[in-house]
1. Pairs only if they're at least six apart or on different chains, beta carbon under 7 angstrom, first in the range 221-236 and more than 22 Å from THR56 (Cβ to Cβ), second of a type in the set (Gly, Ala, Ser); list them, first residue then second.
2. Which residues, taken from the range 257-292, are farther than 18 Å from PHE148 by Cα, part of a loop (DSSP other than H, G, I, E, B) and open to solvent by 30 Å² or more (accessible area, probe 1.4 Å)?
3. I'd like to check something: does the range 135-143 contain any residue that is under 26 Å from GLN199 (Cβ atoms), touching a helix residue (DSSP H, G or I) at 6+ places or on another chain (Cβ under 8 Å), open to solvent by 20 Å² or more (accessible area, probe 1.4 Å) and at pLDDT below 90?
4. Residue check: is PHE1 modelled with pLDDT under 90 and crowded, with 16+ Cβ neighbours inside 10 Å?
5. Does SER242 fit the bill of being crowded, with 20+ Cβ neighbours inside 10 Å, modelled with pLDDT of 95 or more and within 30 Å of THR301 (Cβ to Cβ)?
6. Looking at the range 325-378, what strands (runs of 3 or more DSSP E) fall wholly within it and have at least 3 residues that are more than 32 Å from the chain's Cα centre (by Cα)?
7. Kindly establish whether LEU127 is of a type outside the set (Phe, Trp, Tyr), touching a helix residue (DSSP H, G or I) at 6+ places or on another chain (Cβ under 7 Å) and closer than 30 Å to ASP268 by Cβ.
Amino acid sequence: FSVAGQREDQNQVTLDGLTIAGASVPQEAVRSTRVVTNTYDVARGQFTGGLVQTTTRGGTNDVAGSVSFALRDPSLQFDDEEEGSTFTQTFTQHQLSGGVGGPIVKDRLFYFGSAQLRRQFNPLQSLVGIDARTLQRLGASPDSASRFLSTLGRFGLPATVGAVPDDRLSDNASAIARIDYQLNADHSLTLRGNVQGSQQNGVRTSALSVPSYGGEQSSIGGGAMLSLSSVFGTMLNELRASYSYNENHGDPYLVLPAGNVRVSSELDLATTGAASGVTTLAFGGNPGLPTDGTNTQFELTNELSLLSFGGHRWKIGTLVNYTGFSSFASTNRFGSFAYNSLADFAADRPAQFTRTLTPRIRDGGALNAAVYVGDTWR
């Protein structure tokens, strides 16, 4: 969402008062969510759009929990496209989440844990499964597609492989655990850990490419947080620290050069509104894969508040935030062939061949630090 006309990436998301990067929280673990659209409080920073503040649940003296299941099915969604069309945006999603919390030591030590599983799948867009009507809308005739697939078979280039699923799949899992310890009447400690992972199959395919042109993507990560609240007379001190780490990988189905064939076709005027069309069909290995990347983040905050001073609440705080990243992007690592027509493709006469000899490797980081003093009074 946009706040004050800012882009979505200008929003800031915090979990228990600290920034989260790439983390997913199970539905049952969320206690409350609040959206802040202004920056008048000097204790809030690192955003120019909106601030989404989420807090997690903790255990109590009573054992309590909940389980939920959600289903999104195409039969429950509105869709104007005809059945089987690759233009459809419908999908099926199953989500199961649950959480439970309670005491370890009554009035002193509490636990809470939650986990969530989600699977989403929708029809895989590819040249093999596309219907004739959709194919003509995209500028190619069924006869041209058939000749293209036949030429692939003659050259021994697979249109699909065993790893390609029938549907585009996306699996996500996340879990979170929290421990709250009341050290004494003046000090309380909170420890929280989280882990998440995802797996996507059939990515980077399109209605004008063969299924083997795609690949797989996966990610895994986790983090930990420590929070200590202490009362010293009329002063309250809140110390928080967190660390998170995430990895992501992408692999192609075929470790081969990519190929693009420009196709001119005669189309059904009644279906497409045009008598002819020109489009490009893709095969081979995906030029955007493989990829690898990591992200790390460490954040430390401390705030000291004077709770009672003639209707005023003075506070002084500090923040240190470090983020680091590394990425490996092998764009066009194995090269790409371009053919001007189906005839040139059948005769193996490429118009050009391009290749990136050096992969793009990037490493970097950013350090942000702040000190603030504020006063709230009535």
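1. Filtered contacts from the range 221-236: THR234/SER308; MET235/SER305.
2. Selection gives ASP268, GLY273, ALA274, ALA275, PRO287.
3. Among the residues of the range 135-143, not one is under 26 Å from GLN199 (Cβ atoms), touching a helix residue (DSSP H, G or I) at 6+ places or on another chain (Cβ under 8 Å), open to solvent by 20 Å² or more (accessible area, probe 1.4 Å) and at pLDDT below 90, which makes the answer no.
4. Numbers: modelled with pLDDT under 90: yes; crowded, with 16+ Cβ neighbours inside 10 Å: no.
So PHE1 fails the test.
5. Here the answer is yes, as SER242 does meet what is asked.
6. Values: elements: 336-339, 352-354, 360-377.
Strands (runs of 3 or more DSSP E) meeting the threshold: 360-377.
7. So LEU127 fits the description; yes.
Rundown of residues vs (1) more than 30 Å from ASN184 (Cβ to Cβ); (2) of a type in the set (Gly, Ala, Ser), yes/no style:
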position: GLY101; (1), (2): no, yes
position: ILE104; (1), (2): no, no
position: ASP107; (1), (2): no, no
position: PHE112; (1), (2): no, no
position: ARG119; (1), (2): yes, no
position: GLN125; (1), (2): yes, no
position: ILE130; (1), (2): yes, no
position: THR134; (1), (2): yes, no
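The values are calculated or read from the model by the stated rules, or taken from the named source; none is laboratory data. Keep in mind it's a predicted model, so treat the numbers as computed, not measured. FYI the Cβ positions are ideal-geometry reconstructions off the backbone, even for glycines, and counts take in every protein chain you see. Just the protein is used for accessible areas: all its heavy atoms, side chains included, with ligands, DNA and RNA removed. Shrake-Rupley method; radii C 1.70, N 1.55, O 1.52, S 1.80 Å.
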